[in-house]
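Student: Just dropping this structure here.
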Amino acid sequence: MLFQVGGDGTRPTFFEMAAAQQLPASLRASLTYSLGVFALRRSFLHRILDYEDEFFASLMLVLEGHSLRTTDASFAESLYGLRRKSVRLRLSKGSGEEVQRSGLEKRQRILSVVFLVVLPGNSGNQELSVRVQLATKIKKFVAVCYPWIHASSEGLSFTYQLLYLLDATGFYSLVLQALGIQVCRATGQELMDTSSSISKIRNHERERLRGPPWFKTVQGALLSCSYVVLDYAQTGLIAAVFIFKMMEWWYQSAEERLTAPTVYPPPPPPPSPKIFISIEGIPLPPDRTLCALCLQKLANPSVVTVSGFVFCYSCVFKYVSQYKRCPVTLIPASVDQIRRLFHDT
């Protein structure tokens, strides 16, 4: 279980309540992903995915019903060590209102299952049907009213959660207050009492078996199998969620590594060409800011691309036009291989 017995007080923190509320959605996403992975090799699993809402609602109906029947808590709340208790306000003369907590009644368990499983599933199907076909006036009316109803519901949920966070109310949601239920931390004694009550319930169910001895044996074996499945449902589902999320991360990383383009380092720049200064060519002046042809300050500097030496534009243009070569290296060149240089000032 993801909790610690004997925490600070019996009132759960806001984060415990929020985590318990969001767990079913995470569980559904993980189960859908798991079935999608298995459906790649087992085509019959696509039928389950076609009825995803009904499948998950049936699964949660069994889990929530069993959890509320045995532990007085929802499936997610029992995982975090929380319990639902019936709350009654009793007026006393000296201290005003006195809060009395007790176990859940049968009516409260049934309504809890309705609000945890039935209504969320129907709201999703109703939204889908409204989107798909709006033929009658009733559906059009529902389509107009649904956004306002949904927004009001979300606003009330946010208000109650904010009040619960500020310790202004003991109810985490409007539904819990309407049912007269508060969620509390389970103590060590309550956990022991829950285990003993589960044992009594199962012994009583075995005593109620009727029929021939062989039939009782078969019924007892089926009951034992169902008990084992229900007992390890929480651990198994959470472990499955963890394993498949790890597999998803692993295969997604591997796929990204395989499909990502290979990034190579940029190639090194080519080595500068070795320019050999011809002995018969014009010698270079000691001052590189002077033109080798006119020995004056460079005016409109231009480079001969075949050699890389810079001259005045007018000087080198006249020389290359006449001799068809670089003045220094005597490498053949043309006026098309002269490029003017511009300096930023």
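The values are calculated or read from the model by the stated rules, or taken from the named source; none is laboratory data. Keep in mind that this is a model prediction, so the values were computed, not measured. When we count neighbours, we look across all protein chains shown, and the Cβ atoms used for this are built from the backbone with ideal geometry, even at glycine. All accessible areas refer to the heavy atoms of the entire protein, side chains included, with ligands and DNA or RNA removed. Shrake-Rupley method; radii C 1.70, N 1.55, O 1.52, S 1.80 Å.
Student: Give the stretch 54-72 a look and list any residue that's in contact with a helix residue (DSSP H, G or I) (Cβ under 6 Å, 6 or more places away or on another chain) and either among the aromatic types (F, W, Y) or in contact (Cβ under 8 Å) with a residue 40 or more places away in the chain (or both), or say none. Steps first, please.
Tutor: Of all residues in the stretch 54-72, those in contact with a helix residue (DSSP H, G or I) (Cβ under 6 Å, 6 or more places away or on another chain) come to 55-57, 60-61, 63-68, 70-71.
Within the stretch 54-72, F55, F56, A57, M60, L61, L63, E64, G65, H66, L68, T70, T71 qualify.
Student: Condition check: touching a Gly at 6+ places or on another chain (Cβ under 8 Å), at pLDDT below 80 and assigned by the TED database to the domain that holds Q182. Does V37 satisfy that? Walk me through how you get there before you give the answer.
Tutor: Details: touching a Gly at 6+ places or on another chain (Cβ under 8 Å): no; at pLDDT below 80: yes; assigned by the TED database to the domain that holds Q182: yes.
For V37, the condition - touching a Gly at 6+ places or on another chain (Cβ under 8 Å), at pLDDT below 80 and assigned by the TED database to the domain that holds Q182 - is not met.
Here is a yes/no grid of residues against (1) in the same structural domain as L116 (by the TED database); (2) open to solvent by less than 40 Å² (accessible area, probe 1.4 Å); (3) among the hydrophobic types (A, V, I, L, M, F, W, C):
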site: Y172; (1), (2), (3): yes, yes, no
site: D193; (1), (2), (3): no, no, no
site: E205; (1), (2), (3): no, no, no
site: P212; (1), (2), (3): no, no, no
site: G220; (1), (2), (3): no, yes, no
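Student: Shifting gears a bit: Of the residues that make up the stretch 192-210, is at least one at pLDDT 80 or above, more than 25 Å from F56 (Cβ to Cβ) and touching a helix residue (DSSP H, G or I) at 6+ places or on another chain (Cβ under 9 Å)?
Tutor: For the stretch 192-210, residues at pLDDT 80 or above, more than 25 Å from F56 (Cβ to Cβ) and touching a helix residue (DSSP H, G or I) at 6+ places or on another chain (Cβ under 9 Å): absent.
Student: Which of the following residues is farther than 18 Å from E280 by Cα and open to solvent by less than 80 Å² (accessible area, probe 1.4 Å): L330, L298?
Tutor: Numbers: L330 fails: farther than 18 Å from E280 by Cα.
Within the list L330, L298, the selection yields L298.
Student: Identify all residues within the stretch 295-343 that are aromatic (F, W, Y), closer than 20 Å to I277 by Cα and not in a loop (DSSP other than H, G, I, E, B); write none if there are none.
Tutor: Taking the stretch 295-343 as the starting set, the residues that turn out to be aromatic (F, W, Y) are 309, 311, 313, 317, 319, 323, 342.
Filter once more, so that each one left must be closer than 20 Å to I277 by Cα: 309, 311, 317, 319, 323.
F311, F317, Y319, Y323, listed by residue number.
Student: Okay, next question. Which one of V335, V320 is buried (at least 16 other Cβ atoms within 10 Å of the Cβ), touching a helix residue (DSSP H, G or I) at 6+ places or on another chain (Cβ under 6 Å) and at pLDDT 90 or above?
Tutor: Values: V335 fails: buried (at least 16 other Cβ atoms within 10 Å of the Cβ).
After ruling out the rest, the residue left standing is V320.
Student: Scan the stretch 151-178 and report the pairs whose first residue is over 21 Å from L104 (Cα atoms) and touching a residue at least 24 places away in the same chain (Cβ under 8 Å) and whose second residue is open to solvent by less than 40 Å² (accessible area, probe 1.4 Å) and aromatic (F, W, Y), with Cβ atoms within less than 6 Å and a gap of 6+ or a chain change.
Tutor: These pairs meet every condition: Y164/Y172.
Student: Taking the stretch 26-54 only, how many residues are open to solvent by 80 Å² or more (accessible area, probe 1.4 Å) and in a helix (DSSP H, G or I)? Quick ask: steps written out before the conclusion?
Tutor: To start, the set of residues in the stretch 26-54 that are open to solvent by 80 Å² or more (accessible area, probe 1.4 Å) comprises 38, 40-44, 46-47, 50-51, 54.
Then keep just the ones that are in a helix (DSSP H, G or I); that gives 38, 46-47, 50, 54.
Number satisfying all stated conditions: 5.
Student: Looking at L61 and the list (1) under 21 Å from Q22 (Cβ atoms); (2) at pLDDT below 80; (3) surrounded by fewer than 17 Cβ atoms within 10 Å (Cβ to Cβ), which single condition is not satisfied?
Tutor: (2)
Student: Need the failing condition index for S199 against (1) in contact (Cβ under 8 Å) with a residue 40 or more places away in the chain; (2) over 18 Å from S74 (Cα atoms), just the number.
Tutor: All conditions pass for S199, except number (1).
Student: So, of the residues in the stretch 64-90 that are open to solvent by less than 60 Å² (accessible area, probe 1.4 Å) and of a type in the set (D, E, K, R), which turns out to be farthest from T10 (Cα to Cα)? Walk me through it before giving the result.
Tutor: If we filter the stretch 64-90 for residues that are open to solvent by less than 60 Å² (accessible area, probe 1.4 Å), which is where we start, we get 64-68, 70-87.
Retained after the next criterion (residues that are of a type in the set (D, E, K, R)): 64, 72, 77, 83-85.
Details: E64: 22, D72: 15, E77: 14, R83: 10, R84: 11, K85: 11 Å.
Per the criteria, the residue is E64.
Student: Which residues, taken from the stretch 5-22, are at pLDDT 80 or above and surrounded by 14 or more Cβ atoms within 10 Å (Cβ to Cβ)? Step through it out loud before you land on a result.
Tutor: Of the stretch 5-22, the ones at pLDDT 80 or above are 11-22.
If the condition is that a residue be at pLDDT 80 or above and surrounded by 14 or more Cβ atoms within 10 Å (Cβ to Cβ), then R11, P12, T13, F14, E16, M17, A18, A19, A20, Q21 are the ones that fit.
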